[in-house]
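Readers should treat all values here as calculations from the given coordinates under stated rules, not as data from a laboratory. Quick caveat, the model's predicted, so the values are computed rather than measured. Neighbour counts run over all protein chains shown; Cβ positions are idealised from the backbone, glycine included.
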Amino acid sequence: MALHWNIEECAAYFDRLFLRGWCHDSTHRIVRVMAVFPEPMTVVPVLSFGQPSPDVAGALDARAANCRFEEWLDLPAEAAGRDFYLRFFFENQRTIVGHSALGKAKQNDPFHRCWSHFLEELQSIPAGTVLEIGSRARSAITRRETVPPHLDYIGVDILPGPNVDVVGDVHDLGNLFPDGQFVAAFSFSVFEHLAMPWKVALELNRLLAPGGLVFTQTHQTWPMHEEPWDFWRFSRHSWQMLFNSATGFEVVEAACGEPAHLHAFRTTPATLGLPHGPAFLGSASIVRKIAGTDLTWPVGIETAAHEMYPAGELSEPPR
């Protein structure tokens, strides 16, 4: 493919969009770039295209020495958070549309690739049952259909609702399912809400067959939500603390992604550098069961949490 492009940042701040990325075509020179917002239809020129890009030239093509763009764009209020696309204009009068800028920004994120790798691993498992922890379709999103059709699926949640096959507390999975029943398990935006995630790791070990896989996706940084059941945040290094040889696992892959900037309401010498430091909204991992474990954590959920998980309106984006 002659056209190469990438979106590294496309963050909406109130009525403006900060757009940063690059584009290069190996056969014809790009002379102009436009950002197109379909709803409502708005076309905004990317005037900064042509900035120095030695990193792209070194990695892709020596001729891509000036293919970066970085600027603030005026954004229609209705378009905030919605997908948009770029239109590239060439010196030979040709035009190409680069579809889904948000999709392009997500494409190379290791946090999202971790889920893709887990699904690839599931394809290689000949038969068995996959468990989803926190399967309730709280925002009409389900992942039952992402499990390969040759594998069975069971969804468990602490509350009844759409896409829930079994209602129960995952801190006591052993009372819900027999040992070794599952070949894999996964969860999205659940581990930050677990009162004792280390206990769930032990429960998963008992439920998984030898070699069973666990995919976990949660937050490294995120505003408080679903209170009072909002307990933890995880870096990519956290997974080794939960899933290790003592708990009967090995970490296959761990990554943070969805990069973000942190801004303090009050800038002080201590918080001045926050926006420039690495921060990520998401953390994900794939781990594999390598052995059983004799570890236990005989602490009931009622000791750690005195209220039920909230069942009201969502206070976080769809998971």
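Of the options V31, Q93, F49, report the single residue whose Cα projects farthest towards the positive end of the charge dipole of the stretch 3-105 (beta-carbon charges: Lys, Arg +1; Asp, Glu -1). Positive-end residue among those listed: Q93. Seen from a random direction on average, the alpha-carbon convex hull of the stretch 110-304 projects onto 11.9 square nanometres.
If you filter the stretch 130-233 for trypsin sites (Lys or Arg not before Pro), then keep DSSP loop positions with at most 16 other Cβ within 10 Å, what is left? Can you show the working numbers first?
Details: sites: R136, R138, R143, R144, K199, R206, R233; in loops: R136, R138, R143, R233.
Here the trypsin sites (Lys or Arg not before Pro) that fit, given the DSSP loop and packing criteria, are R233.
Between the helical axis of 197-207 and the longest alpha-carbon principal axis of the chain there is an angle of about 70 degrees. The order of M34, M41, going from fewest to most other C-beta atoms within 10 Å of their C-beta, is M41, M34. Between the Cα long axis of helix 110-123 and the first principal axis of the chain there is an angle of about 60°, rounded to the nearest 10.
Placing a pseudo-label 7 Å from each Cα along the Cα-to-Cβ vector at A279 and T267 gives an inter-label distance of 1.4 nm.
Length available on full extension from H237 to T303: 0.36 nm per residue minus the Cα-Cα distance, which gives 21.0 nm. Cross-link partners of K199 among lysines, defined as those whose alpha carbon lies under 30 angstrom from its own and excluding same-chain residues fewer than eight positions apart: K289. Bridges between two residues of the chain, per DSSP, are antiparallel at a rate of about 75%. Summary value for the stretch 110-304: 21 percent relative contact order, contacts being C-alpha pairs under 8 angstrom separated by 6+ residues.
Loop-located trypsin sites (Lys or Arg not before Pro) across the stretch 77-128 with a Cβ neighbour count of 14 or fewer within 10 Å are R82, R94, with loop assigned by DSSP. Extension gain, D165 to I290: 0.36 nm times the residue separation minus the Cα-Cα distance gives 42.2 nm.
Take every pair of alpha-carbon atoms less than 8 Å apart whose residues are at least six positions apart; their mean separation over the length of the stretch 86-152 yields a relative contact order of 24 percent. The label-point distance for A246 and W229, in a model that sets each label 7 Å from Cα toward Cβ, rounds to 2.8 nm.
Relative to the Cα centre, the charge distribution of the chain, modelled as +1 at Lys and Arg Cβ and -1 at Asp and Glu Cβ, gives a dipole magnitude of about 960 debye.
Summarised as an ellipsoid, the stretch 3-105 has semi-axes of 23, 15, 11 Å, derived from the eigenvalues of the Cα gyration tensor scaled by 5 and square-rooted, with the largest first.
Going 7 Å from the Cα of T221 along its beta-carbon direction, which residues of the stretch 283-303 have the amide nitrogen within less than 20 Å of the resulting point? Inside the label zone: 283-285. Legend: ranking of residues S187, S100 from fewest to most surrounding C-beta atoms inside 10 Å; resulting order S100, S187. Charge tally for T95 (other residues, Cβ to Cβ under 10 Å; Lys, Arg +1; Asp, Glu -1): +3.
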